[in-house]
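None of the figures in this text is laboratory data; all of them are computed from the coordinates on show. Just so it is clear, the model here is predicted, and its values are computed rather than measured. Glycine also receives a Cβ, built like all others from the backbone with ideal geometry; neighbour counts cover every protein chain displayed.
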């Protein structure tokens, strides 16, 4: 049973567009929701994260929107650039058991 | 500061053979985690060390997998004997005490079992 569902599996967006990646979770014990960015040949790197007591967090061109009642959260990338092309993973974490539960990943391609 | 390193980067072995993967965490990181991503699926938790102790090994697939972290520094993950379904990318991550929510990942070891 997959605890964090992520969509879409792949996404192609024109430069300057706003790709949106969506995730949904089941377990209400999760209390921290990070997004990881992975480039080919590299490991996932923490990009941005949110706690469930806020509905939005922005860091530069990256924004997380969080809907606690719907148990959903999403990543928006403003003014996307070809250098943003990577695989993005949403994840959920519980401070109680200290392990990350990941979504299946979204391969994002930004075309010039 | 050096990041998390993993060795080897790739390993191709035959079914039934043994493989040992190594992870060197960031210096001072007591928490060390192993994860695995199989065939484009989600990255799945395998186990968590705090220093040399196994805190949580609930994600280990079966007893063919053995993880160790002697001395609380680097860790090894041994697969013996390897099966076809063990193929995937094995990631190691580390974090400082109390900051398990901010894990730093290594580049992974791609294991192919033929």
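Points worth noting:
- Chain A - percent relative contact order, Cα under 8 Å, separation 6 or more: 37 percent
- Rounded to 0.05, the FRET efficiency of the residue B:102 and residue B:80 pair, given R0 = 25 Å and the Cβ-Cβ distance, is 0.15.
- Taking other C-beta atoms within 10 Å as the exposure proxy, B:48, B:10, A:76 rank B:10, A:76, B:48 from fewest upward.
- Using a cutoff of 8 angstrom between alpha carbon atoms and counting only pairs six or more residues apart, the relative contact order for chain B works out to 37 percent.
- Averaged over the residues of peptide B:95-102, the number of Cβ atoms from other protein chains lying within 10 Å of each residue's Cβ is 4.
- Ranking of B:99, B:37 by neighbouring Cβ atoms within 10 Å, starting from the fewest: B:99, B:37.
- Note on A:43-50: average number of Cβ atoms from other chains within 10 Å of each residue's Cβ is 5.
- Shielding score for A:95-105, defined as the mean number of other chain Cβ atoms within 10 Å: 6
- Exposure proxy ranking for B:39, A:78, based on other Cβ atoms within 10 angstrom of each Cβ and starting from the fewest, stands as B:39, A:78.
- Label-point separation, residue B:51 to residue A:57 (7 Å along Cα→Cβ), nm: 3.0 nm
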